[in-house]
Amino acid sequence: MKPYKAYRNFNQVLTLNKALKKDGRHLEPSDVDLIEQGSVVFSPSKILWVGPDNEFPSEYEESSEHHYFEGKVLTPEIVDCHTHLVFGGNRAQEYSMRLNGADYQEIAKAGGGILNTMKGTQNLSPDELFNIGVKRIERINSYGVGTIEIKSGYGLTFEKEMEITKVIDKLKKHFAPKVQIINTFMAAHAVPKQFESSKAYMDQVVLPLFEELASKNLIDAVDIFHEKNYFDEHDTEALFQKAKGLGINRKSHADEFYDNKGAILACRHEALSTDHLLMTGQDGIEALAGAKTVATLLPGTGFFLGKSQAKARNFLDQGVKVAIASDYNPGSCHCDNVLLVASIAAPAYKMNVAELWASITLNAAHALGLKNQGAVATSLSPRFSLFDVEDINSITYNWGRQLSLGTI
Ligand code: NIG
Ligand code: FE
């Protein structure tokens, strides 16, 4: 067995090396940093060399196992940094109700929405949820996505939320290292009917369970739906304070239906990301531009709900680090393909090609705290996506076509 692998002769390697140096902000088209006829050498833990094949270093000739990829394209591994893929049942009927004029928030108030999926999820055993999760993750991986964040949040009782976090942990172990899963605890997703207030649910379920699961090392990050009729700034503050004490990364769903200053709160708590941000005002954009917190935009949700979109160009022009994710869930965006979502959204967001690719690789990895991936650059983790196309432009041009050969 040779210690290294050499993947050689790709038609193009999209490295994003310049985007990496710019921390994923203020990107120009040339920051994709393409290599024609490119090759890469790596050990199991890191990339050792990347460059044009005619400069292949002789020192790696003998020590590497060589594989050849003529006519293919290599990119940094695609990351879906926001999904809710462990759920039971579906909400197809609510989609049609919305087409016929109903509103997402009205449906939720009438007992649909997240609480509807809570019932569908509670009807399934941990094994059933695990098996559904396996199928969903395999499908997502077939699109070329190798890192997936999964949020709990459809159990909404102490027992069921614990069970779902354990199901996500089992999925994580089942798929590692080929697919890397980030386990995000989001019991603060909706307030079940039996609680008189969001605070009561936080105090009785979310905070004690968070502490228990964190002590078992099951959780990578915590998230909350910081939104009118769901959880307010006091709930978010309490959760983030607790997370800091436990050493757990913070994330939030913020400013989706109202500008509740959620992005500002997330930045103040050095959250890894704050997501949705349709209504974020100029003060929120400025806070993000000056923070490490990634702004994760979820364009599929705006399309699916028939709502407006985040002001992506304002974020990008002011130097915010922008990621795009699928938000795959049964209610507000039943689409599991982040590449499709980003390809459709980029023209509407007026993103250049470097911004588009960084949003689903480099910046999406940073939204999960994964600073050691997201570019094909020396010393980063060897996590790649492979495409059966001649050039990088063909990938996003062919909306929704299955052109990936998976992750390698
Ligand atoms: O990110 N906003 C909160 N959670 C999901 C929606 C979940 C649902 O409707 O089931 C979201 O859009
Ligand atoms: Fe979400």
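Details
- So Gly400, is it in a loop (DSSP other than H, G, I, E, B) and either at pLDDT 95 or above or more than 28 Å from Gly88 (Cβ to Cβ) (or both): no
- Failed condition for Thr83, given (1) more than 16 Å from ligand 2 (Cβ to nearest atom); (2) polar (S, T, N, Q); (3) within 28 Å of Ile168 (Cα to Cα): (1)
- Pro57 vs. criteria open to solvent by less than 30 Å² (accessible area, probe 1.4 Å) and outside the structural domain of Ala188 (by TED's automatic domain parsing): yes
- Any pair with Cβ under 9 angstrom, 6 or more apart, that starts in the range 255-267 at a residue that is on the phi > 0 side of the Ramachandran plot and among the charged types (D, E, K, R) and ends at one that is open to solvent by 40 Å² or more (accessible area, probe 1.4 Å) and part of a loop (DSSP other than H, G, I, E, B): Asp255/Lys261; Asp255/Met279
- Among the residues of the range 138-167, the ones that are within 16 Å of ligand 1 (Cβ to nearest atom) and under 19 Å from the mean Cα position of the chain (by Cα) come to 8 in all.
- Being assigned by TED's automatic domain parsing to the domain that holds His253 and touching a residue at least 60 places away in the same chain (Cβ under 8 Å) is a property that does not hold for Gly155.
- Residue satisfying condition, being open to solvent by 30 Å² or more (accessible area, probe 1.4 Å) and at pLDDT below 95, within set Lys193, Lys178, Lys170: Lys193
- Output for the range 270-296, where each listed residue is open to solvent by 10 Å² or more (accessible area, probe 1.4 Å) and either among the basic types (Lys, Arg) or within 14 Å of ligand 1 (Cβ to nearest atom) (or both): Leu278, Met279, Lys292
- Here the range 333-365 is the region considered, the condition is being assigned to a loop (DSSP other than H, G, I, E, B) and open to solvent by less than 10 Å² (accessible area, probe 1.4 Å), and the residue that is farthest from Ser142 (Cα to Cα) is Cys333.
- Residues that are buried (at least 20 other Cβ atoms within 10 Å of the Cβ) and in contact with a helix residue (DSSP H, G or I) (Cβ under 7 Å, 6 or more places away or on another chain) within the range 34-47 comprise Gly38, Ser39, Val41, listed in sequence order.
- Tyr230, sole failed condition from (1) away from ligand 1 (no atom under 16 Å from the Cβ); (2) closer than 24 Å to Gly306 by Cα; (3) aromatic (Phe, Trp, Tyr): (1)
- Which listed residue, of Gly112, Gly101, Gly88, is open to solvent by 40 Å² or more (accessible area, probe 1.4 Å), assigned to a loop (DSSP other than H, G, I, E, B) and in the same structural domain as Lys173 (by TED's automatic domain parsing): Gly101
The values are calculated or read from the model by the stated rules, or taken from the named source; none is laboratory data. Because the structure is predicted, anything quoted here is derived from the model rather than measured. Note that each Cβ is placed from the backbone with ideal geometry, even for glycine, and that neighbours are counted across all protein chains shown. Just so you know, the surface numbers come from the protein's heavy atoms only, side chains and all, with ligands and any DNA or RNA stripped out. Shrake-Rupley method; radii C 1.70, N 1.55, O 1.52, S 1.80 Å.
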